[in-house]
1. Can you tell me which condition Ser108 does not meet? The list is (1) buried (at least 17 other Cβ atoms within 10 Å of the Cβ); (2) modelled with pLDDT of 95 or more; (3) farther than 25 Å from Ser217 by Cβ, and all the others hold.
2. For residues in segment 60-80 being surrounded by 13 or more Cβ atoms within 10 Å (Cβ to Cβ) and under 26 Å from the mean Cα position of the chain (by Cα), which is nearest to Ala105 (Cα to Cα)?
3. Looking at Gln81, Gln101, Gln66, Gln107 in this structure, which one is part of a helix (DSSP H, G or I) and farther than 30 Å from Ala164 by Cα?
4. Only residues that are within 28 Å of Gly225 (Cβ to Cβ) and surrounded by 16 or more Cβ atoms within 10 Å (Cβ to Cβ): list them for segment 124-158, please.
5. Residue pairs, Cβ under 7 Å, 6 or more apart or interchain, first in segment 164-181 and closer than 14 Å to Ser224 by Cβ, second assigned to a strand (DSSP E or B) and not aliphatic (A, V, I, L, M). List them.
6. Determine which single condition Thr213 fails, assuming it passes every other condition in (1) polar (S, T, N, Q); (2) under 30 Å from Thr25 (Cα atoms); (3) modelled with pLDDT of 80 or more.
Amino acid sequence: MRYLIVLSLLFLSPSITQAETNQPTGTRINLSATAEQSVSNDEMIVYYRVEEKGSSAKQLRQKVNQITARLEARLKSEKVQHKTTGRSFRPHWEKGVFNFQRWNASQSGQIVTQDLDNISSWLGDIEAMGVKLNNLSFRVSSNKMRAVQNELRLQALKKFRTKAASLSKGIMAKSFRIIRVQTSGASQPRYERGPVMMADMAMAKSAAAPVVTAGESRSKVTVSGEIEVPFTNFPVQ
């Protein structure tokens, strides 16, 4: 019987040791730190549509195709990325019913460029062709944002360590260790005059070329985590 008790203790002891190991060895504190900065937008996105209405389906398709072909030819010499996002052909909606004697044909697309110095010239040209601009906005390109957020992440981690050290000193701890840490980042566009909508572009048609301003975005990285400081016995006053 005595041997059975000894063997039982031998088998139980690793579990007891493991349970003790998982217990906190100090006081744990949750904290976070943030680093942020303004970043100049370096990329423009334009959403457009080519739209025609009439009674001849064949002629409508031809008109849309002609304008689209002229658009592509004009953009071919520019440093832009251009893609078609949709195309539709449907009967005209009039007084709550479809009028199958009249048709609407349209094609929509997206233009993205980082060549901001030459926007005004081709933007005015495609408007003159009959291309309607649904929306124009600016953002920070992926490569630039990645570099900015990498730098902000290092700054936020430094702030996190500084804050952890300050909290540790506040409870008279001589050291601390990081139990876990994670980062999250975000960017918020901030425009000089907001997104340039179709109405704004219509007003600019009388000018030689539209005037647009890229503005800035606000980039932010937050580091949050948990630290542990050694237990400290404080005297009761």
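1. Going through (1) buried (at least 17 other Cβ atoms within 10 Å of the Cβ); (2) modelled with pLDDT of 95 or more; (3) farther than 25 Å from Ser217 by Cβ one by one, Ser108 breaks only (1).
2. Ranking the candidates gives Val80 first.
3. Gln66
4. Scanning segment 124-158 gives Val140, Lys144, Met145, Val148, Gln149, Leu152, Arg153, Gln155, Ala156, Leu157.
5. Ile178/Gly225; Ile179/Arg28; Ile179/Glu226; Ile179/Glu228; Arg180/Gly225; Arg180/Glu226; Val181/Gly225
6. (2)
The rows are residues; the columns are (1) within 17 Å of the chain's Cα centre (by Cα); (2) at pLDDT below 90; (3) within 30 Å of Thr85 (Cβ to Cβ); (4) of a type in the set (S, T, N, Q).
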| position | (1), (2), (3), (4) |
| --- | --- |
| Asn134 | no, no, yes, yes |
| Ala156 | no, no, no, no |
| Arg161 | no, no, no, no |
| Arg177 | no, no, no, no |
| Gly185 | yes, yes, yes, no |
| Ala204 | no, yes, yes, no |
| Glu228 | no, no, no, no |
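Every residue, every condition in (1) of a type outside the set (Asp, Glu); (2) surrounded by 12 or more Cβ atoms within 10 Å (Cβ to Cβ); (3) at pLDDT below 95, yes or no:
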{"residue": "Leu9", "(1), (2), (3)": "yes, no, yes"}
{"residue": "Thr17", "(1), (2), (3)": "yes, no, yes"}
{"residue": "Tyr48", "(1), (2), (3)": "yes, yes, no"}
{"residue": "Gly54", "(1), (2), (3)": "yes, yes, yes"}
{"residue": "Lys58", "(1), (2), (3)": "yes, no, yes"}
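The values are calculated or read from the model by the stated rules, or taken from the named source; none is laboratory data. Please read these numbers as outputs of a predicted model, since none were measured by experiment. FYI the Cβ positions are ideal-geometry reconstructions off the backbone, even for glycines, and counts take in every protein chain you see.
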